[in-house]
Amino acid sequence: MRKLAFFIPFVLFIALSVFLFSGLFSNPMERESSVLDQPLPAFALPDLHQPEKIWTPDSIKGKPLLLNVWGTWCVTCNAELAYLTELREQGVMIVGLYYQQPVDAAFGEVFNLSALQQEVTLKLEQQGNPYQWNILDKDRTLIFDLGVTGAPETFLIDAQGIIRYHHIGDINPQVWQQKLAAAYQSLQE
Amino acid sequence: MIAEYGQLALTFALCISLALAIVPLYGSFKGQQTALQLGNPLAYALFLLTAFSFWALSYAFWANDFTVVYVATNSNSLLPWYYRLTAVWGGHEGSMLLWLLTLSGWIAAVALFSRSLPLQFQGRILGVMGLVALGFYAFVLFMSNPFERSLPYFPVDGRDLNPLLQDFGMIIHPPMLYMGYVGFAVSFAFAIAALMGGKFDSTWARWARPWTLAAWLFLTLGIMLGSWWAYNELGWGGWWFWDPVENASFMPWLVGTALIHSLAVTEKRGTFKSWTVLLAIAAFSLSLLGAFLVRSGVLVSVHSFAADPSRGLYLLAFLLVVVGGSLLLYALRMNSVRSQARYELFSREVLLWGNNIFLLTATLVVLLGTLFPLVHKELGLGSISIGEPFFNQLFYYLVIPFALLLGLGPWVRWKQQQVKPLLKPMSLIAIATLILALGTLATLQSVQANLALLGLLLGAWVGSSAIFELLQRLQQFGSVKQGLTKLNASHFGMTLAHIGFAVLVIGVAMTKTYSVETQVRMKAGEQVELAGYQFRLVEVYPLDGPNYKGEAAELDVSYKGDYVTHLHAEKRFYTVQRSVMTEAAVHARLSRDLYVALGESLNDDSWALSLYVKPFVRWIWLGGLLMALGGLIALCDKRYRRRVGDQKETTELKDTTDA
């Protein structure tokens with residue numbers, strides 16, 4: 001028994017190495033999304049440009065779509081607008097979920113809807129408009145429920161309103177081909 | 001051409017390390033003197049070639065040779081010359097070359113200072129270090145060559161050094177840290193050489209002690225500098241972040257600290273033998289693990305170099321050979337060794353055993369906290385992250401018994417200690433502790449916090465115990481004055497290092513309790529009060545540096561109406577890397593720091609500023625400095641420089657070693 005005890009450090013080290021080995025082949029930034037294969041969380045949020053219109057999970061069901069979390073303040077989001085617009089032209093349905101950054105009253109900031117609408121319209125005119133419509137998440141409640149860690153993030157949602165894919169980061173031709181295109185096609189059928 | 005010479009020298013060095021890995025070891029097993037005697041010249045040659053290679057890379061940086069890919073990615077013609085030189089270790093390839101330089105430096109030092117050791121043992125040490133070196137030289141040459149050229153199409157200017165690294169702390173932080181990491185390779189080599197010999201007396205421990213102390217001292221300084229750098233450069237007044245890479249440097253430090261104490265037991269009492277060997281292996285293994293974690297991209301960290309799985313794979317294979325091999329050797333060789341030294345329950349041996357237990361538990365906490373997210377994910381349980389609260393909570397619980405033991409430890413004799421003689425000094429120290437801690441707390445305006453009280457109590461306990469013990473020991477020589485000249489340097493070193501720990505504990509507890517901060521919006525001329533200090537923003541004006549633009553804010557600080565100081569905080573935009581950096585303004589005093597970071601420009605000419613008042617934060621680094629200084633003094637102990645022949649008198653305590 002005593003002899004075996006001296007092998008404990010060796011055995012522990014080998015066990016650790018197995019994990020280090022498998023860790024080499026996975027991206028530490030990649031996370032398992034906790035909302036996969038779940039229906040969209042309940043929400044009732046206004047349309048960015050027509051605030052009287054309220055969107056709910058039921059009202060966006062019916063067709064597979066991409067829900068793209070973005071904001072004009074987010075540099076990467078602006079960079080992906082052009083390619084997303086291209087996708088829209090190919091017939092992909094994309095809905096924007098506008099990520100409004102916290103308004104800091106201590107610094108004298110106030111939320112101004114019409115200024116935001118103007119800013120968004122201007123941005124989309126300049127860079128291309130991939131969105132069928134934009135949902136405004138002023139208090140980031142849906143964004144929180146979806147487990148969004150930053151913008152841009154994109155969710156692939158099927159016709160029944162079930163989340164099928166959660167992509168963190170921008171969408172470019174490579175990402176679309178490798179990760180999303182096939183899943184989107186299969187939902188179409 | 002210089003870069004090519006550098007690469008050539010590195011290639012020769014690789015060959016030399018191969019020879020160093022084979023020849024002396026061969027000689028040690030075959031009993032060939034000639035082969036053994038080749039060890040020293042090989043070690044010197046390795047160092048000289050590596051130093052030349054390092055100089056060649058530095059020259060490429062100095063001369064802005066952007067045909068060298070590594071220079072082009074980490075430097076820029078506008079970078080001031082001193083940062084151009086430190087940019088040599090600003091990226092993966094160059095920092096590996098620095099690693100090689102320190103490794104070959106340690107090898108040459110071992111060759112130089114171990115000439116009095118038995119030739120066979122010295123040959124084994126050099127051979128083991130040669131094996132380690134071989135792995136690293138091959139890694140640098142084949143997988144991370146810093147001399148790679150991008151001819152014929154080379155950039156006109158470089159991409160600049162990461163602005164975070166353009167700081168004085170960064171000039172010396174990595175060299176110190178690497179000296180520490182790599183220095184544990186020496187302790188490791190001593191342990192492996194002893195394992196190869198299979199004869200376990202305590203002599204190897206005596207020889208390994210000064211080397212372990214030296215490595216530990218560098219690592220202490222390196223970690224401390226890193227913390228100080230983060231405080232100045234990251235702009236939010238933090239000094240330790242439990243970042244995976246910080247943890248990677250902290251683990252070898254904890255184990256190294258345990259090793260220093262365990263080596264003392266093995267040397268003086270001939271016991272804890274297998275334990276000490278394991279610690280020596282563990283300290284270096286954790287250094288290697290750290291190198292793997294930083295350079296393979298398995299963990300998310302601000303320190304990570306660009307991830308490259310093939311590099312990670314190589315390092316992991318290397319780790320398996322070195323660590324797996326040595327642990328296997330350990331398992332096969334060590335199980336026949338038995339320690340027979342006897343000691344009672346209340347003895348210094350048992351207290352040092354306690355020290356080791358707590359230090360290793362702390363290491364385990366850090367290791368788990370660092371690697372658990374990885375293991376969790378690889379088991380398919382999803383992503384989690386482990387943050388500050390986990391570490392803080394567990395260290396909070398660990399430090400209490402640890403500090404209590406530390407105060408007691410130096411008073412207790414080897415083998416057996418009667419309780420009665422200690423009652424008087426210990427109760428005196430306890431009273432002194434209470435007076436000091438409560439007295440300090442009473443001078444502060446707000447007597448609130450349990451944490452501050454706890455920190456002061458523990459700090460005062462350790463500190464006063466260390467000082468009283470020193471005084472008592474000095475008096476044993478007749479008078480304190482006589483004692484000052486006669487007592488071992490290592491005893492002074494120990495006392496100082498323990499006081500350093502006390503200072504550190506007080507610093508951490510007080511800073512955590514009494515720091516205040518506020519984020520404000522200010523216009524020039526406005527004033528904000530924080531913890532009794534009035535911060536007045538005098539002006540903000542544009543800056544134009546060599547490789548950056550930015551803004552500087554000037555503030556006047558007064559305390560209850562009296563002018564205290566002027567503060568100058570900067571916000572820099574580095575044009576090449578397009579990144580923003582804060583240069584915090586710090587006014588440091590022993591009792592508190594004033595810390596201001598300039599934030600964003602808001603509309604209507606006002607600025608966001610972060611203001612901090614951080615009491616006792618200096619004590620954290622002061623404590624680290626005292627610990628390192630203690631290590632340095634202990635290193636000067638005459639006993640370590642005695643030649644092997646006349647070492648008998650140091651073993652006046654009877655070693656009950658087995659054959």
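The figures follow:
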quantity: Ranked packing of B:145-152, B:509-516, most packed first, by mean Cβ within 10 Å; calculated: B:509-516, B:145-152
quantity: Kyte-Doolittle mean at least 0.5 and Cα axial length at least 20 Å: DSSP H helices in chain A; calculated: A:8-24
quantity: Modelled FRET efficiency - R0 41 Å, A:Ser186 with B:Leu313, Cβ distances, 0.05 increments; calculated: 0.75
quantity: Diffusion coefficient, µm² s⁻¹, Stokes-Einstein with Kirkwood Rh over alpha-carbon pairs of segment B:224-267 at 4 °C and 1.567 mPa s; calculated: 108
quantity: Principal axes of segment B:155-243: Cα extent on each, largest first, Å; calculated: 57, 37, 20
quantity: Residues of segment A:153-184 with amide N under 16 Å of the 7 Å Cα→Cβ point at A:Lys61; calculated: A:157-164
quantity: Amide proton proximity set for B:Leu530, modelled H, under 5 Å, gap of 5+; calculated: B:Phe535
quantity: Among B:407-420, B:363-376, the order from most to least packed when residues are scored by Cβ within 10 Å on average; calculated: B:363-376, B:407-420
quantity: Too-long pairs where the Cα-Cα distance tops 30 Å, listed order kept, from B:Lys268/B:Lys481; B:Lys273/B:Lys512; B:Lys424/B:Lys481; A:Lys63/A:Lys138; A:Lys53/A:Lys179; A:Lys3/B:Lys420; calculated: B:Lys273/B:Lys512; A:Lys53/A:Lys179; A:Lys3/B:Lys420
quantity: Packing-based ranking, highest mean first, of B:224-234, B:545-555, B:493-503, B:473-483 given that Cβ atoms within 10 Å are counted; calculated: B:493-503, B:224-234, B:545-555, B:473-483
quantity: Zero-based 10 Å bins, Cα pair distances in segment B:516-618, whole percents; calculated: 15, 48, 28, 8, 0
quantity: Efficiency of FRET between B:Asn162 and B:Ser427 - r from beta-carbon atoms, R0 41 angstrom, step 0.05; calculated: 0.15
quantity: Number of partner chain Cβ atoms within 10 Å, mean per residue of B:312-322; calculated: 2
quantity: Segment B:Trp81-B:Leu151, length gained on full extension (0.36 nm per residue, minus Cα span); calculated: 22.8 nm
quantity: Other protein chain Cβ atoms within 10 Å, averaged over every residue that makes up B:325-336; calculated: 4
quantity: Extension reserve of the B:Leu320-B:Leu602 stretch, reckoned as 0.36 nm per residue once the Cα distance is removed; calculated: 96.1 nm
quantity: HN-Hα J in Hz across segment B:108-121 - Karplus 6.51, -1.76, 1.60, θ = phi - 60°, x for Gly and Pro; calculated: 5, 5, 4, 4, 6, 9, 10, 5, 7, 6, x, 4, 4, 5
quantity: Alpha-carbon centroids, segment B:572-591 and segment A:116-133: separation in whole Å; calculated: 37
quantity: Cα gyration tensor category, rounded, prolate or oblate, for segment B:374-465 with a/c compared to 1.5; calculated: oblate
quantity: Other-chain or far-sequence residues with amide H under 5 Å of B:Arg592's (modelled H); calculated: B:Phe616
quantity: Whole-Å distance, taken between Cα centres, linking segment B:9-67 and segment B:226-253; calculated: 33
quantity: For segment A:36-189: span of alpha carbons on each principal axis (Å, largest first); calculated: 49, 32, 26
quantity: Global geometry of segment B:399-445, whether rounded, prolate or oblate, following the gyration tensor of its Cα atoms and the 1.5 cut on a/c; calculated: oblate
quantity: HN-Hα J in Hz across segment B:612-625 - Karplus 6.51, -1.76, 1.60, θ = phi - 60°, x for Gly and Pro; calculated: 9, 10, 10, x, 6, 5, 4, 4, 4, 6, 4, x, x, 5
quantity: Shielding by other protein chains, B:369-377, mean Cβ within 10 Å; calculated: 3
quantity: Charge-dipole axis of the protein assembly as shown as Lys and Arg at +1 and Asp and Glu at -1 on Cβ define it, positive-most pick from B:Gly478, A:Leu45, B:Asn603; calculated: B:Gly478
quantity: Note, ³J(HN,Hα) from phi for segment B:229-246, Karplus 6.51, -1.76, 1.60, rounded to Hz, x at Gly and Pro; calculated: 4, 4, 4, 6, 9, 8, x, 10, x, x, 10, 7, 10, 6, 6, x, 7, 4
quantity: Estimated inter-spin distance, B:His376 and B:Leu530, nm [label 7 Å along Cα→Cβ]; calculated: 3.3
quantity: D_trans [Stokes-Einstein, Kirkwood Rh over alpha-carbon pairs] for the protein assembly as shown, 4 °C, 1.567 mPa s, µm² s⁻¹; calculated: 43
quantity: At 1.567 mPa s and 4 °C, Stokes D of segment B:497-542 from Kirkwood alpha-carbon radius, µm² per second; calculated: 96
quantity: Chain B, dipole about Cα centre (Lys/Arg Cβ +1, Asp/Glu Cβ -1), debye to the nearest 20; calculated: 3040
quantity: Rounded to 5, percent antiparallel among DSSP beta bridges of the protein assembly as shown; calculated: 90
quantity: Leading residue at positive end of dipole, chain B (Cβ point charges), from B:Trp207, B:Gly127, B:Leu537; calculated: B:Trp207
quantity: Sites B:Arg413 and B:His566, calculated FRET efficiency, Cβ-Cβ separation with R0 60 Å, nearest 0.05; calculated: 0.60
quantity: Beta bridges per DSSP with both ends in chain A, % antiparallel, nearest 5; calculated: 60
quantity: Those residues of segment B:105-129 whose amide nitrogen sits under 14 Å from the label point placed on B:Gln37, 7 Å along Cα→Cβ; calculated: B:119-120
quantity: Radius of gyration, Dmax [segment B:1-161; alpha carbons; angstrom]; calculated: 17.6, 58
quantity: Prolate/oblate/rounded label for chain B (Cα gyration tensor, a/c 1.5); calculated: oblate
quantity: Value of [θ]222 nm, deg cm²/dmol, for chain B, DSSP H segments ≥ 4, -39500 (n - 2.57) each, nearest 500; calculated: -21000 deg cm²/dmol
quantity: Paramagnetic label zone (point 7 Å from Cα along Cα-to-C-beta, B:Phe573; backbone N under 17 Å) in segment B:537-564; calculated: B:540-553
quantity: Point-to-point label distance, A:Leu4-B:Thr361, nm (Cα→Cβ direction, 7 Å offset); calculated: 2.7
quantity: In nm, spacing of pseudo-spin labels at B:Ser558 and A:Ala82 (7 Å Cα→C-beta vector); calculated: 5.7
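Read-outs throughout are calculated quantities, based only on the coordinates presented, and are distinct from any laboratory measurement. As the structure is a computational prediction, the values presented were derived from the model and not from experiment. Cβ sites come from the backbone with ideal geometry, for glycine too, and all protein chains shown count toward neighbours.
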